[in-house]
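K.L.:
The following block contains the structure, expressed as C-alpha cells.
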Amino acid sequence: MPVLGVVPARLGSSRLPRKPLLSLAGEPLILWVVRRVVEASVCDRLVVATDARDIAAVVERAGYEAVLTSPDHQSGTERVAEVVGSKSFSSFDVVLNIQGDEPLVAPAALQGALARVRSGDPIGTAAGDLAGALAGDPNRVKVVTDPRGRAVYFSRAPIPFDRDGTSEVIYHQHVGVYAYTPDALDRWVRLAPVPEERWERLEQLRPLLHGIPIGVALFSGPAAPGVDTADDLRYAEAQLTRQLREVSP
C-alpha cells in the first residue's frame, strides 16, 4: 500500500503570524516537520502543500517537494484533498496528513495512524498520554475511544470529566496526524459542516459526527504539543535545541 505524505502549511495564522517560517533552533518550523517525517521512513513520497510561494521556496531550497494550492481552503484536510485529486498524486493507496505545526511529532503517531487504516479503518489518527494537570489546556485536544479503539469524541475540554475528583481518569492527547484512504478523504471534504467543529475548532468532528469511523492508535508516552502559541514555540525550541546538543560530537 504505497503512502503519500502531505504536510499542509498556510502562511496566515492569527496567533502566530507566518508560523511555518518561524525560526526554531535556527531553521524554519516547516523544515523540522518535514525532516521528522522523512526520518520516520513512513512515506513513499512526501510533499508540502501550501498557499504561499515563500513556504514553497524554503522547502524546495532544502531539497524537498512542495506544491502550491488554493488560498481559499478552510482546513488542512481540504488542502490535502486538492493534492490527492491531482493526477500527479493519484497512484497512492493511503494518504498521511501531517499538520505543518508538529515539529516534535512522534514516529509512533505516524506509524500508528497508518496501521489503523491498514487494518481496515477508513481514517486513522493517534493519541499519546496526557497528564491530568494538563487536561484543562484547550490547546491540547483530548479524545475518548471505544473498546475497538475508535474515536467517540474529540474536545478541547477535559474529557472524560473527573466529576468526583478521583484523579483516576486517563486522558489521551490527540496528535495532528491523519491517515486515510483516498475515498475516505474525498468523502470527508464533501460532507456538510457540523456545528461542533465550529464550536470546538476541530475539523475531525465533521467525519466523526457524520458516522465515518476514526481509528485512534494509542502510543505510550506523552504527546508533544503542536505549535499553536508562543509558549508552544518556546517549548519546541528548547526540545529541539536539546536534541541537537545530544547528537553533536
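K.L.:
Once you keep just the Cα pairs under 8 angstrom separated by 6 or more residues, what percentage relative contact order results for the chain?
P.N.:
22
K.L.:
May I ask you to derive the relative contact order of region 12-139, considering only C-alpha pairs under 8 Å and at least 6 residues apart, and to give it as an integer percent?
P.N.:
21
K.L.:
At 222 nm, what value in deg cm²/dmol follows for the chain if DSSP H runs of at least 4 each add -39500 (n - 2.57) and the sum is divided by all its residues, to the nearest 500?
P.N.:
Values: 8 runs with 80 residues, N = 249.
-9500 deg cm²/dmol, from helical runs alone.
K.L.:
Once phi is turned into ³J(HN,Hα) by the Karplus curve 6.51 cos²θ - 1.76 cosθ + 1.60 with θ = phi - 60°, what whole-Hz value does each residue of region 192-206 show in order, with x for glycine and proline?
P.N.:
Taking θ as phi minus 60°, the curve returns 6, x, 10, x, 4, 5, 6, 5, 8, 6, 9, 5, 5, 5, 5 Hz for region 192-206.
K.L.:
Distance from the Cα centre of region 79-143 to that of region 168-243, in angstrom?
P.N.:
7
Values in this text are rule-based calculations from the coordinates and carry no lab data. Everything quoted here is computed from the prediction, not taken from an experiment.
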